[in-house]
Every structure is written in structure tokens, then in C-alpha cells.
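Let me begin by presenting the structure, written as C-alpha cells, before commenting on it.
The values are calculated or read from the model by the stated rules, or taken from the named source; none is laboratory data. Computed from a predicted model, the values in this text were never measured in an experiment. Cβ placement follows ideal geometry from the backbone for every residue including glycine, while neighbour counts extend to all protein chains displayed.
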Amino acid sequence: MNSSKDHHAIGSQDGIPNQWQPVSSMPQRVAVVGAGIAGLTAAYRLKQAGMDVTVFEAQPVVGGRMGDRKVGDIAFNSGARLVYPFGKSFNRLIADLSLDDILVPLKNLTAQCVAPSGSRHTIELMPSARSLATPGLRLTERLAMIRHAVQMRALKSRVDPDWAISALGVDATFDQMTLAAYTRDRVGPNVLKNIVEPVFRATRSFNPETLSALFYLTTVPHLIGEDTVYTLKGGMGRVCHALAAQLTVRTGVRVASIERHGASGTANDTQTPHSPWTQPDMTLTLDHGEVLHFDHIVCAVEGSLARQLVKRPLEPERAMLDSVHYNALGVVHYGFAGPLPPMMNFATRDTPSRIATYQQLPAAPSQGRPLTQIYCQLTPEAADEARERGLTDNLDALLRDELRARIPDFDAQVLSVVNQWIPHKLPVFSPGYGARLQAFWQWQEGPARVVDRPVVYCGDWTAQALLTGACASGERAARIVLERASKRMVQRA
Ligand SMILES: Cc1cc2nc3c(=O)[nH]c(=O)nc-3n(C[C@H](O)[C@H](O)[C@H](O)COP(=O)(O)OP(=O)(O)OC[C@H]3O[C@@H](n4cnc5c(N)ncnc54)[C@H](O)[C@@H]3O)c2cc1C
């Protein structure tokens with residue numbers, strides 16, 4: 001890595017240091033567990049600051065839920081498909097990596113929403129004046145939508161789309177109410193049914209009845225008036241590969257446990273009178289038994305997995321990690337021999353279908369076939385059914401009849417089927433989660449002794465259920481490690 005990058009200046013508007021610069025001539029050893037966008041961002045910023053960083057990734061490839069996969073002729077994403085324009089940390093990263101030219105704009109994305117009657121209406125993925133034309137809304141609801149859009153625009157400077165808990169600064173009760181209740185109350189039940197619910201179910205597998213209003217309230221103010229989202233030339237995994245190329249990454253290595261031997265493991269022990277910056281003995285045990293020692297550990301795995309990794313968690317860690325919950329997602333990809341017109345359909349909640357998102361895309365065929373790739377994302381209810389019936393490895397069995405009814409010669413034209421089951425799709429910020437998360441960040445960032453808190457956590461579950469949120473959390477985790485490292489330096493001196 002060249003030295004100009006090592007000292008690259010970054011903005012301080014979101015509370016992070018102005019420069020990622022070396023903090024020590026004696027680099028401290030940092031382990032980053034998990035090579036998703038959160039872990040790789042943290043590792044990259046720490047390396048820029050002169051730390052001795054090693055990343056450990058259980059999978060054979062980096063990227064986690066921001067990667068690309070190919071099975072036979074079928075190429076698909078491991079997770080994220082779109083980049084929203086508002087991520088400050090992510091945009092900074094893209095600029096630092098000189099990757100601006102890989103952003104491919106997609107303007108005015110729409111889907112056809114299919115109602116139980118079979119009638120269709122167009123849904124705008126980015127809220128716009130055209131959303132007012134959605135059928136099935138009362139006049140009072142259309143007027144409420146205009147008022148609501150004005151209120152949302154006014155929130156733009158007060159909420160951070162990468163930080164769901166920033167909405168608590170506007171009104172802490174948003175954390176307590178479900179998105180469904182919020183939408184019904186502020187804009188009307190038909191807006192929920194015909195716009196909000198289909199989009200949240202089809203794109204995120206989120207159920208507005210169980211999700212708090214935080215995601216909506218932090219992202220929508222930054223989407224109104226925007227018409228462009230991005231995909232990445234060369235695949236969604238490109239950014240993670242570019243980061244990994246500058247780091248020491250051990251792939252295919254599962255971390256079995258994280259342990260701090262200097263710390264006590266109970267909240268009360270934070271009262272014990274040892275030196276504030278005593279060097280704790282931090283160990284990482286790998287699946288094959290290797291034990292490694294570090295000064296700091298960044299835990300960047302999915303939150304529900306972190307709970308199993310960290311031995312003897314302290315009380316604030318336990319309280320947070322126990323409350324993390326992800327939804328699951330099933331997708332079936334079909335390679336289809338014949339040409340089909342490009343289309344994307346969303347289903348409403350009461351449409352009798354197990355498919356929330358149905359998409360026909362031109363395939364990138366080898367030897368001329370398949371010509372079309374069909375993407376079928378299960379509804380949240382169908383994902384539950386797949387789990388209950390033990391069909392997570394054979395989701396096609398749940399969908400085949402429905403697809404035969406849509407396309408009469410479906411069986412004859414299908415060349416390949418890829419089953420994609422994602423047990424941890426997105427963290428669900430259910431009502432009350434925001435307050436717990438805010439307390440957790442206060443604890444992570446608080447003026448504590450290093451010996452008590454040597455693990456720093458990041459990931460989408462700590463920030464926002466988006467790749468830009470995960471990236472922002474990685475930057476923030478790096479800042480915490482640097483602060484702790486500089487305090488250690490002072491103590492050593
Ligand atoms: C289907 C889907 C669609 C999405 N669509 C979008 C979208 O369009 N736009 C958007 O912004 N976001 C989207 N997201 C969300 C986005 O992909 C995630 O929020 C983001 O990628 C999460 O990054 P992360 O680093 O927090 O976690 P991850 O990417 O999950 O990284 C965690 C890593 O830790 C590794 N790991 C776990 N346990 C261990 C262990 N014991 N030892 C070593 N390594 C371990 C995992 O293998 C993984 O690589 C989508 C997600 C999914 C699943």
C-alpha cells in the first residue's frame with residue numbers, strides 16, 4: 001500500500017478522525033473476524049493507521065453477503081444487489097480505492113405489483129411523485145403522502161441512513177412502534193398494503209408488522225428526490241476483493257472462539273482495581289485448534305454468530321448479542337432455455353403465492369443457453385414453511401407448481417436450478433432494538449479500561465441493514481480500536 005493512501009484524509013462530519021494515520025511505531029496486533037464489508041473496512045482503516053492486522057474468514061472467499069457466486073451457467077449475488085447513493089463511509093471507501101468508475105447507475109427502478117385479483121400496478125423503488133398514482137389509495141391518503149414527503153425531507157439533515165439509531169434523536173418512540181403501525185397511522189392502510197409492504201417484503205423479506213420504524217425513517221428522507229441506485233461493474237464482490245488485496249486475509253479459516261484471559265467475564269468485575277490500560281491476553285482459537293494472541297479483536301461476524309464465539313461475554317455484550325435476530329431468505333434461480341421478456345413482479349401480502357419477487361433477466365449464456373435466468377425469492381411465510389418442512393435444500397419443490405401455472409412448458413425449458421438458502425439475511429430491528437443498540441454503542445465507545453472491553457463489534461446488525469451501514473460500522477469500529485491503542489501507547493510510555 002502506498003504511503004499517500006496510508007495518510008489519506010477523510011471527513012470528520014460523522015465523528016470519525018480526520019486522518020487514518022499511523023498511531024504507533026510499534027504496531028499493535030489486531031485480528032478481524034469476518035471478511036464481509038464491515039470487517040474488511042475496519043481492517044483497511046486499521047492497516048492505514050499502521051496496525052498489524054490479520055483478517056480471518058470462514059468461507060473460502062471474502063465478501064460475505066456482498067459477493068458473487070456462479071453455479072454452472074447461473075451467476076447470482078451472495079446477498080446485496082444494489083448500492084444506495086447515500087452511504088458516506090462506503091463512498092469514501094470507493095474513492096480511496098479509486099473505484100468510482102465501477103458504479104453503474106440504475107435510474108427509476110420499478111416493479112409490477114400483482115394483487116390477488118391479478119391486477120397490476122407499478123411500484124417505484126425510490127419514492128417519487130409517481131407513487132401518488134398508485135391505484136387503491138383514498139384521496140385523503142394521497143394528500144397524506146404529500147404531507148408525509150415534506151416531513152420526511154425535513155428530517156434529512158437529522159437522520160443518518162447508515163445509522164438506524166439516529167432516528168432516536170428525532171423521536172425515541174419511533175423505536176417502539178412497528179413500521180406497519182407507523183405507516184397506517186401517518187399515511188394510511190392502503191399505502192401500507194399497496195406500496196410499503198410489497199417493497200419491504202419483496203426486497204428485504206421484512207415484515208412491517210414486526211419491524212420497527214427506524215429503517216424507514218432513516219433511509220426514506222435520503223431517498224426522496226433521488227432516482228438512481230447503483231450496481232457494480234464486475235460484480236458486487238469487487239469492492240471486497242479490492243480491500244482484501246491490500247490486507248492479510250486468511251480465508252477458509254473458521255474462528256472457533258474469542259477469549260480474553262485478563263478480563264473477568266462479569267459486569268461486576270469492571271470494579272476490580274487493576275491498572276486502567278493493563279494489557280489483556282486476547283486469544284483467538286481457530287477451528288483446527290491453532291491459538292493466536294492479539295492486542296485487539298474486531299468481531300465482524302453476523303451478530304447472532306458473535307454470541308457463540310465470544311467466551312464469557314460481559315453483561316452489556318450478552319444483553320446485546322442475545323437480542324440480535326436475522327431473518328432467513330430462500331431464492332431459487334432457474335436457467336431457462338427460451339427467451340422471456342425482462343420483468344420484475346412483487347406480490348402483495350394477500351396474493352396467494354410463495355414468491356415475493358419474481359424476476360426474468362437475460363442470462364449470460366455459455367454456448368448460447370440458457371437464454372433467461374429466472375429469480376424467485378420466497379415470501380417470509382414461505383421461508384418459514386421451508387424451514388418447518390425441512391425443504392431449505394430443495395426450495396424448488398415449494399415453487400414448481402406455481403411456476404408451471406405461470407409458464408405452461410416450464411419443466412421442458414428448465415435447464416438448471418440453483419437453490420440459495422441464506423440463514424442470516426438481514427438483522428431485524430424489531431421494536432425496542434434501537435434503544436438496546438444505542439446503549440451498546442455507548443458502552444463500546446465509553447471511557448472504559450481496555451482490559452474490560454478488548455473486543456469491538458461491527459456489522460450491519462450494529463448500524464443499518466444495508467451494506468453501506470455495515471461499512472460505516474467497520475469505520476467506527478476502527479476508530480474505537482485506534483483510541484484504545486493510543487491509550488495503551490500512553491500507558492506503555
Ligand atoms: C439477499 C440479500 C440482499 C441484500 N440486498 C442488499 C442491497 O441491495 N443493498 C444493500 O445495501 N444491502 C443489501 N443487503 C444487506 C447487505 O448485504 C449486508 O447488510 C452486508 O453485506 C453485511 O455485511 P457484514 O460485513 O455486516 O456481514 P457479512 O457480509 O455477513 O460478513 C460476515 C462474515 O463473517 C464470516 N464469519 C462468520 N462466522 C465466522 C467465524 N466463526 N470465523 C470466521 N468468519 C466468520 C462470514 O462468513 C461472513 O463472510 C442484502 C443482503 C442479503 C442477504
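Observations
- A single entry from ALA386, ALA439, ALA435, ALA412 fulfils the requirement of being closer than 19 Å to PHE206 by Cα, of a type in the set (A, V, I, L, M), assigned to a helix (DSSP H, G or I) and not assigned by TED's automatic domain parsing to the domain that holds LEU214: ALA386.
- Subset tally (residues that are farther than 18 Å from ALA111 by Cβ, polar (S, T, N, Q) and in contact with a Ser or Thr (Cβ under 8 Å, 6 or more places away or on another chain)) for segment 203-249: 4
- Residue in segment 26-46 that is over 16 Å from ILE297 (Cβ atoms), at pLDDT 95 or above, more than 9 Å from the ligand (Cβ to nearest atom) and crowded, with 21+ Cβ neighbours inside 10 Å present: yes
- Residues of segment 401-419 that are in contact with a Leu (Cβ under 8 Å, 6 or more places away or on another chain) and either among the basic types (Lys, Arg) or within 16 Å of the ligand (Cβ to nearest atom) (or both): ASN419 alone.
- Checking HIS241 against (1) modelled with pLDDT under 95; (2) within 21 Å of the chain's Cα centre (by Cα); (3) more than 23 Å from MET126 (Cα to Cα), the condition it does not meet: (1)
- Segment 71-129 - residue that is without any contact (Cβ under 8 Å) to a residue 60 or more places away in the chain and assigned to a loop (DSSP other than H, G, I, E, B) and, of those, farthest from the ligand (Cβ to nearest atom): SER117
- Residue within segment 153-176 that is in contact with a helix residue (DSSP H, G or I) (Cβ under 7 Å, 6 or more places away or on another chain) and farther than 30 Å from GLN442 by Cα present: no
- Residue satisfying condition, being modelled with pLDDT of 95 or more, more than 30 Å from ARG387 (Cα to Cα) and of a type outside the set (Phe, Trp, Tyr), within set GLY474, GLY446: GLY474
- Any hit, segment 73-84, residues being in the same structural domain as PRO221 (by TED's automatic domain parsing) and buried (at least 21 other Cβ atoms within 10 Å of the Cβ): no
- Residues being among the charged types (D, E, K, R) and more than 15 Å from the ligand (Cβ to nearest atom) - total across segment 280-336: 7
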